[in-house]
1. For residues that are of a type outside the set (Phe, Trp, Tyr), at pLDDT 95 or above and not in a loop (DSSP other than H, G, I, E, B), tally how many sit in the range 58-98.
2. Give the residues of the range 20-38 that are crowded, with 16+ Cβ neighbours inside 10 Å and closer than 15 Å to GLY69 by Cβ, sorted by residue number.
3. Tell me which of these GLY43 doesn't satisfy, since it passes every other one: (1) in contact with a Leu (Cβ under 9 Å, 6 or more places away or on another chain); (2) modelled with pLDDT of 95 or more; (3) in a loop (DSSP other than H, G, I, E, B).
4. Taking GLY13 as the residue in question, decide whether it is part of a strand (DSSP E or B) and within 13 Å of the chain's Cα centre (by Cα).
5. Starting from the range 8-29, take each residue that is at positive phi and list its partners that are of a type outside the set (Lys, Arg) and surrounded by fewer than 18 Cβ atoms within 10 Å (Cβ to Cβ), counting only C-beta distances under 6 angstrom and pairs at least six apart or across chains.
Amino acid sequence: MSSSRSVHVIIHGRVQGVGFRAWAHHQAQLHGLQGWVRNRRDGRVEAVFAGPGELVEVMLRACWQGPRGASVECIEAVSDPDNPEGAEGEGFQVLPTV
């Protein structure tokens, strides 16, 4: 495995109303990642994925597909991938909408 990596992203497209948060939570847990996911009031989904570099990359690639019904247009990194806010702690959480 590679060294640890964290990434804070905003996912654009048809990503709300399709179970994206629950799907991301499940996928992150399957890969043993830490972090969180939440909806934003503007229709986007925001997430932090942290863990072994290869598994974070697998998660990011999976996010381009998302759950059935999702249509991802863009995944935007919004902070320094080596130090995103909110990646501390253990496990993966679904946070309230902001």
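The values are calculated or read from the model by the stated rules, or taken from the named source; none is laboratory data. Everything numeric here is computed off the predicted structure, so don't read it as measured data. Counting neighbours? That spans all protein chains shown, and the Cβs are built from the backbone with ideal geometry, glycine included.
1. Result for the range 58-98: 15.
2. PHE20, ARG21, TRP23, ALA24
3. Every condition holds for GLY43 apart from (1).
4. The answer is no for GLY13.
5. Hits for this filter: GLY13/SER71; GLY13/VAL72; GLY13/GLU73; GLY19/PRO67.
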